[in-house]
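Input: a single structure, listed below in structure tokens.
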Amino acid sequence: MSGPPETAGNAVSRLAERLSDIAGAPVELERPSDPAHGDYATNIALRTAPQRKRPPRELAAELAARAEELEEIERAEVAGPGFLNLWVTTGWFADALREIGPSYGAGEPEQPEKIQVELISANPAGPLTVGSARNGAYGDSVARLLDFAGHTVEREYYFNDAGRQVDLFRASVEARRRGEEIPEGGYQGEYINELASLDVDPVEHMLEEIRREVAGFRIQIDTWRHQGEIEKEVAAVLPRLDTYEADGTIWARTSAYGDDKDRPLVRSADGSYLYFAADVAYVRDKLERGFDRAIYVLGADHHGYVGRLKAAAAMLGYDPERIEVLIYQLVHIIEGGETKKISKRRGDVVFLHELVEKIGIDAARWYLVSRGHDQPLDIDVDLATDRTPKNPVYYVQYAHARIAGILRNAEAANAGVDAPKELEREERDLIKRLAEFSVIAAEAAERRSPHAVPIYAIRVADDFHRFYHEHRVVGSETEAFRLALVRATQSVIARALDLIGVEAPERM
């Protein structure tokens, strides 16, 4: 991955920079869990005291005195063994609020990259399953975050439209058409019967259905690749590889390039290509198109691909760090307290379109990225359709809709960010939460962790609902400032939802 996220445009990072100049070392600011301990705190004195050979509390007291000279700092106190607690001025809050607009949080990396994200790439042997849906929601959210971070991003879908599984799929449909038994290892289910009733090539039909499903799930694919096209490039790639022949097979010596074992490429007897041959050609195809980084989003059963794809890049003479493989875990659908089994071949499968019909696109997108991709995911259909605050996607969307209602009832010209002399605790907390967004977005992009975004959105909604419950907006003495505050909140919520492919409704 690239270096640390760039957040220089954020009010908190600018304050940290000014404090760093005073301290002579990088300062990291954190929000204390108890507001009585300040708006922000830092352990800079504890970290630097040993090398300066000074007592931490003495150093912290010196830094506190100098910090209070800054126009942004209202008060600074030493706590515990040498922590520095800081209270910022109302002017700082106004400045922080003033910068929050539609593009707030967007990154400007020092070295922007051209990045490809390959996502879903399911075999066209049936409609997309909820497993493929997690791939799509996760991969697309990573792409959105990288784009928001300032990189150039292209989304790609690779159709595995050749090989044994596709042949079995065709044979299964043809058997149904003839009224015969499905071949051993073939595909079952009602969708096979439906395809058998159509006068179409089942694979071509599924390719079109998948394109439609992907677009309907708010994923814009920029390029589509087919396995058949990539296999045409294999012959030109093989001479560049480190290979040997054994047991009637030509092998790639990937173990010499970081893989855990060598990989078979070609059957010596008939010259037919094995799957890794297409993998290598596809690595070359990606990197020769000028991508600085090629990100694969693959399911848990592809864990071994991390080493082999990097080894393929290294064997071809590319920097293996240009290849990044993100592995996501399984999805379980729970309805009525029972987990549904998933097997496309047996027919007891939950398809993406079925999930969307039950819970809607917004809830599906939300829940599919609500946990880290390296953890199994349970989607409770009953909770996802609950229109109460217990359902987090409803809770966050309702905050956005409530703000839209406030703004409809207010005079547009009545908003301003000149802070009153004193801010209420709930106002301070909400502004501090909004000021975190640029860091949240940047780190989520850097760590490929879109689940941080819905977690953050819930906290914004929490702070907003708490503020709104305690304080009037329209008709209050500080109406202009509060309108600016809720408008900024609406902007951040809308952006957070968009980064995970969820809509921000104006009414609910």
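With protein chains left intact and a 1.4 Å probe, residues in the range 13-89 average 53 Å² of accessible area per residue.
For the range 241-312, taking the reciprocal of the average inverse distance between every pair of different Cα atoms yields a Kirkwood hydrodynamic radius of 13.0 Å. In this structure the amide hydrogen of Val473, modeled in the peptide plane, comes within under 5 Å of no amide hydrogen from residues 5 or more places off or on another chain. Once the Cα-Cα distance is subtracted from the 0.36 nm per residue extended length, the Lys261 to Ala196 segment shows a gain of 19.2 nm. The aspartates and glutamates whose alpha-carbon is closer than 15 Å to the alpha-carbon of Lys53, local same-chain residues fewer than 8 away aside, are Glu62. Leu497 contributes about 0 Å² of solvent-accessible surface, heavy atoms of the protein only, 1.4 Å probe. Heavy-atom accessible surface of Arg66, to the nearest 10 Å², is about 100 Å², with a 1.4 Å probe and all protein chains retained. Placing Asp319, Asp21 in order of accessible area, with the largest value first and a 1.4 Å probe, yields Asp21, Asp319. Straight-line reach from Lys421: taking Cα to Cα under 29 Å and skipping same-chain neighbours fewer than 8 places apart, the lysines in range are Lys432.
Taking all Cα pairs closer than 8 Å and separated by 6 or more residues, the relative contact order of the range 9-134 comes to 19 percent. By DSSP, the beta bridges lying fully in the chain are antiparallel in about 50 percent of cases. Positive end of the dipole of the chain, charges at C-beta (+1 Lys, Arg; -1 Asp, Glu), about the Cα centre: which of Pro81, Ala137, Val12 has its Cα farthest in that direction? Of the candidates, Pro81 comes out farthest on the positive side. Asp301 exposes around 130 Å² of accessible area when a 1.4 Å probe is run over every protein chain in place. Report, to the nearest whole %, how much of the accessible area of the chain belongs to carbon and sulfur atoms, 1.4 Å probe, protein only. About 46 percent, which is the carbon plus sulfur part of the accessible surface. These residues, Thr254, Thr339, go from largest to smallest accessible area, 1.4 Å probe, as Thr339, Thr254.
Mind sorting out which of [x] 20, 44, 28, 8, 0; [y] 22, 49, 22, 6, 0; [z] 25, 60, 15, 0 is the real P(r) over Cα pairs in 20 Å bins from 0, in percent computed from the coordinates? Checked against the structure: label [x].
Residues whose amide H comes within less than 5 Å of that of Thr249, counting only those at least five positions distant or on another chain, are Ser268 (H built at 1.01 Å from N in the peptide plane).
If R0 is taken as 22 Å, the Cβ-Cβ distance between Lys114 and Lys232 corresponds to a FRET efficiency of 0.35.
Here the relative contact order of the chain, from alpha carbon pairs under 8 Å that lie six or more residues apart, stands at 17 percent.
Of all DSSP bridge pairs formed entirely within the range 237-332, close to 60 percent run antiparallel.
On the basis of the beta-carbon distance and an R0 of 22 Å, Arg459 and Glu68 show a calculated FRET efficiency of 0.15. Once the Cα atoms of helix 164-177 and of the chain are each reduced to a long axis, what angle between those two axes, in degrees from 0 to 90 to the nearest 10, is obtained? Around 70 degrees separate the two axes.
The values are calculated or read from the model by the stated rules, or taken from the named source; none is laboratory data. The structure displayed is predicted, hence computed values, not measured ones. FYI the Cβ positions are ideal-geometry reconstructions off the backbone, even for glycines, and counts take in every protein chain you see. Areas reflect the complete protein model, heavy atoms only, side chains present, ligands, DNA and RNA absent. Shrake-Rupley method; radii C 1.70, N 1.55, O 1.52, S 1.80 Å.
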